[in-house]
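This report concerns only the one structure given below.
Please treat every number below as a calculation from the coordinates, not as lab data. Being a predicted model, the structure only gives us computed values, none of them experimental. Neighbour counts are summed over all protein chains in view; Cβ atoms, including those assigned to glycine, are modelled from backbone coordinates with ideal geometry.
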Amino acid sequence: MEKTEEVVGMKELVGLVRIRVKRGINLARRDALSSDPFVVITMGAQKLKSFTVKNNCNPEWNEELNLAIENPKEPVNMMVYDKDTFTADDKMGDAEIDIKPFLEVHKRGLLELPDGKELNRIAPTKENCLSEESRIVSDEGKIVQNMILVLRNVECGKVEIQLEWIKNPGGCGL
């Protein structure tokens, strides 16, 4: 565990987290009949963008975005936009992705767990943007967390994502 503080203090890569942006649910309409939504995820200077789904307020992205974790205390933000051709893209809401509970599970160094083994359960609060309880579980030898996030600063909308730990550089923990 002492290695963790050293790695974070030097701002080296702590690990990679795959964020599967699964789908949008009842997203706000920003054009006459629908919206053309896409997702942007930021952490520090990193900026990851999904593809745009045309004319759909319930888009299915199922896109994997890999986020390099340098400082686990830095917030991960998700913004949803409506793609516009001739004007600036319209905001469709935002949410903070609370990755701290997910990263805490990886500090334990759990290996060879049975599928479906629940490792942690996170209740929704005003701070974490969860729409419902989120579970961190073992799935096919990987640790994953599924979550549905309620978008803020908008009249309606949710986004379903999944977190998956990809790797620790050099085999060290968080």
Which order do peptides 49-61, 125-137 fall in by mean Cβ count within 10 Å, highest first? 49-61, 125-137
Taking H placed 1.01 Å from N in the peptide plane, check which residues at least 5 places from VAL76 or on another chain put their amide H under 5 Å from its amide H. ILE97, ILE99
Once amide hydrogens are built 1.01 Å from N within the peptide plane, the residues lying 5 or more places from GLY93 or on another chain with amide H under 5 Å from its amide H are VAL80
Too long for a 19 Å Cα-Cα cut-off, among LYS100/LYS142; LYS47/LYS126; LYS22/LYS73; LYS22/LYS54; LYS100/LYS158, are LYS47/LYS126; LYS22/LYS73; LYS100/LYS158
Under Karplus coefficients 6.51, -1.76 and 1.60, residue-wise ³J(HN,Hα) of segment 89-101 in Hz, glycine/proline x: 4, 7, 6, 10, x, 8, 7, 9, 8, 7, 8, 4, x
